[in-house]
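Structure first, then comments.
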Amino acid sequence: MKIYKIKSTNKLNSIYSIINNSGFVVFDIESESLDFKSRIQSIQLATKYKKDFVCFYIPFETINEMRDEPDQELLDKEDAKMLKDGQLTAFDTKEYIVPVVFKEPREEFLHWEDVEDLIRSIFSDDSIKKVAHNMKFDAKFLLHRSMEVNNWHFDTQLALWQTNEKRYSYELKPTVKRFFDIDTPSWKKITNKVRGKYFNLEYSVQQKYACDDCLYTYMLWQKLSPEIFETEKTRFFFKEQMMHVAKTLADMEVYGICVDTDYALRKHKIYAYRLEILNDIFQAMVTKSGYYNKVKEKLSISSDDDMFLLFYGYLKYKKSPMAKEKQVDKFAMKYFDGRGSRLAKCVLLYRKVVGLNKFVDPSLKGSITFNTDKETGILHPHFNQHKTKMHRLSSDDPNTQNIPRGGHIRQCFVASDDYVLMPVDYSQIELRCFAHYSKDRHFLNAYASDNPIDIHEQTRRSIIAPLFPDLDGVEQRTLAKNCNFGIWYGISPWGLAKQLGIGESKATAILSQAFGYYKENKAWVEKVKRFVVDNGYVANCYGGKRRFYNVEWNEIDRGLKEYYLREAVHFVISSTAACILKNRMNIIGDKYRYDPDVNMILQVHDELIIELPKDKNNVVVKDICNILEEPDGIFNVPLKVDYKLLDAWKK
């Protein structure tokens, strides 16, 4: 690789010409922090020139500016020492402030404004293929600076995931070691001697580190491309479900969602107070039980080990007959609570409040309040495409996928002034997926006929009512719904009994009746199980795969085998639902990309949240619903969505 350090504007036009002629650019950005709003320290643009792979390294004056700035971390240490010991002297300072001494002479670099037109022309050019590792991360720095990024061609991180969703790591450095046996220094190792400050590295070290990333990304691109583009189906999946979705998500992350931080902090105070009260109640009950007469060490309500000692060691509780071994999890506590244990009830309440508080506690890194921009009041979530085996999105900082429906946590997310939120989700999407694959006549009657018959009513009338004649219609329907959503992934009679709170014999009868009534659905489930055993993988109709390689089906124990078979069926259904929604998100994103008033802001499981103006919501709502329900030529069962218009996202 040849590296050209660009320190003047003289050669900028030739850079565009070279990249344009080659037809691709491998790019990477080094920045002040992971926040896309932070300052850019350098941008690397790599491509082919004649027969060479070349990298244009463009460092910015930001590097020198950051070197010249006072180190806030050290200033904070100094302030802390002054508070602790009194007035700090110059001699005290030497004990912990070690100045960085640079061996290389200071260089002058370009400013971002000097290359802005070049960057804009390269990334807006649809004829130039863009290649990167974790492209969404770098693209957000450009999108935030009002630059369009077109032709998202190849993200090596997403390609790694598509070719094997069970890899230990998708980071660049470990992957290069695994594929090419090249040892590369980690970020932590390379910045260890400069207090983790990349800009304090010698200029030559920064240049090599940054440009090597482009070279390794190029090498991965060349290695992974044949498998990604091997068939039309793998090519389509990568283009639409990987790269296109990444572009859609980048827009969502940059736009963000408004947070009512005052409300969130009020909820935190309420939860913190409740936790104190519940802990006091718990300790009083433990004292009353006589536990502290024998053991002086105080129990922690948050410790599973302590709860095990209390309930099984001291109180001598018997485990639930449904449980295979002694546990102190939610099911165990519910079992004890059902038998009148006030201690178990207190533990359940405490854990529930802890689960709510973790989303609004400003001291927790993964909370809503911690990650909301203090100046704008906007949260910019980070969605992951490569961290779930079911092809659903996950999210970090905070984990919006796990935000509970109860406890009013969702009300932290609000619409901007003069806007409303439109939460929209698919109705019974997973059952519709079963109908698509199994062609079961009863499922098709429910979802694909001119006169649909409610699937839960079919189950209630044909299966539940004869088995539970003493229950009223509402109770029977509740059982029917739980049955429809719970039995098709291979649940055992014991598991169904535990889930529904009924006897195992009744659960066995439900399964027998359901498999007889929905026999085409049952036949399809068994077909998927046979396929995964014979082929080592399963796939959905969009091309998404879940691999079960290296599984010795005849050697593994029965419990593990049944788990894998359930996972195989679950993958086909769950990933199909995920692909359906991501496909429609792409359409909405493309259609409204240049409309600043309509923005997708969150995606949680089968639910999509869109922000739109109050004064034009009628037209937009109708259009979005049409897009979400429109057939795509792949999934052939009609879709239906439900939506609301709200000032805040809530149940």
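The simple Förster model, with R0 at 22 Å and r as the Cβ-Cβ distance, assigns ARG342 and LYS318 a FRET efficiency of 0.80. May I ask for the net charge around ALA577, where only other residues with Cβ less than 11 Å from the Cβ of ALA577 are counted and Lys, Arg are +1 while Asp, Glu are -1? The answer is 0.
Report the accessible area of GLU552, computed with a 1.4 Å probe over the heavy atoms of all protein chains in place, in Å² rounded to the nearest 10. My reading of the accessible area for GLU552 is about 110 Å². Within the chain, CYS214, CYS258, CYS346, CYS412, CYS433, CYS483, CYS541, CYS579, CYS625 have no other Cys Cβ under 4.7 Å of their Cβ and so lack a disulfide-compatible partner by this rule. Taking label positions 7 Å along the Cα-Cβ direction at both THR478 and ASP329, the computed distance is 2.3 nm, reported to one decimal. Potential lengthening of the chain between LYS374 and LYS197 amounts to 61.3 nm, from the contour at 0.36 nm per residue minus the alpha-carbon distance. What shape does segment 533-608 take by its C-alpha gyration tensor, where a ≥ b ≥ c are the square roots of the eigenvalues and a/c under 1.5 counts as rounded, a/b above b/c as prolate, and the rest as oblate? Prolate, since a/c reaches 1.5 and a/b exceeds b/c. Of all aspartates and glutamates in the structure, the ones whose alpha carbon falls short of 14 Å from that of LYS389, not counting any fewer than 8 places away in one chain, are GLU165, GLU567.
Note on the chain: dipole from Cβ charges, positive end direction compared against ASN482, PHE180, PHE137; the farthest Cα belongs to ASN482. Cross-link reach is defined here as a Cα-Cα straight distance under 13 Å, omitting same-chain residues fewer than 8 places apart; for LYS247 the aspartates and glutamates meeting it are ASP138, GLU148, ASP155, ASP590.
Here the chain is treated with +1 on each Lys and Arg Cβ and -1 on each Asp and Glu Cβ, and its dipole about the Cα centre works out to around 2740 debye. Once both labels are positioned 7 Å from their Cα atoms along Cα-to-Cβ, the gap between PHE308 and GLU65 label points is 5.5 nm. A simple charge model with +1 on the Cβ of Lys and Arg, -1 on the Cβ of Asp and Glu and nothing else charged puts the dipole of segment 571-651 at about 140 debye relative to its Cα centre. List the relative contact order of segment 11-57 as a percent without decimals, with contacts defined as Cα pairs under 8 Å and 6+ residues apart. Reported relative contact order: 32 percent.
Solvent-accessible area of ARG266, all protein chains in place: 130 Å² (probe radius 1.4 Å, heavy atoms, ligands and nucleic acids excluded). For the pairs LYS7/LYS50; LYS2/LYS173; LYS5/LYS545; LYS166/LYS644; LYS326/LYS561; LYS197/LYS545, flag any whose C-alpha to C-alpha distance is greater than 31 Å. From LYS7/LYS50; LYS2/LYS173; LYS5/LYS545; LYS166/LYS644; LYS326/LYS561; LYS197/LYS545, over 31 Å: LYS5/LYS545; LYS166/LYS644; LYS197/LYS545. The accessible-area ordering, largest first, of the residues ARG441, ARG566, ARG405, ARG167 stands as ARG405, ARG441, ARG566, ARG167, per a 1.4 angstrom probe. Fully extending the segment from LEU500 to PHE531 would add 8.1 nm, taking 0.36 nm per residue of separation and subtracting the current Cα-Cα distance. Report relative contact order for the chain in percent, whole number only (criteria: Cα-Cα under 8 Å, sequence separation at least 6). Relative contact order, the chain: 13 percent.
For the residue pairs LYS439/LYS519; LYS358/LYS498; LYS345/LYS365; LYS136/LYS239; LYS288/LYS316, the C-alpha atoms sit more than 19 angstrom apart in LYS358/LYS498; LYS345/LYS365. For the pair ASP557 and ASP181, the difference between a 0.36 nm per residue extended length and the Cα-Cα distance amounts to 131.8 nm. A value for Cα extents along the principal axes in Å was derived from the coordinates, and within the list (1) 80, 80, 60; (2) 89, 66, 49; (3) 86, 68, 61 it appears as (3). Treating r as the C-beta distance of TYR643 and GLU104 and R0 as 45 Å, the FRET efficiency rounds to 0.15.
The values are calculated or read from the model by the stated rules, or taken from the named source; none is laboratory data. Just so it is clear, the structure is predicted and the values come from calculations on it, not from any experiment. Backbone-built Cβ (ideal geometry, glycine too); neighbour counts: all protein chains shown. All accessible areas refer to the heavy atoms of the entire protein, side chains included, with ligands and DNA or RNA removed. Shrake-Rupley method; radii C 1.70, N 1.55, O 1.52, S 1.80 Å.
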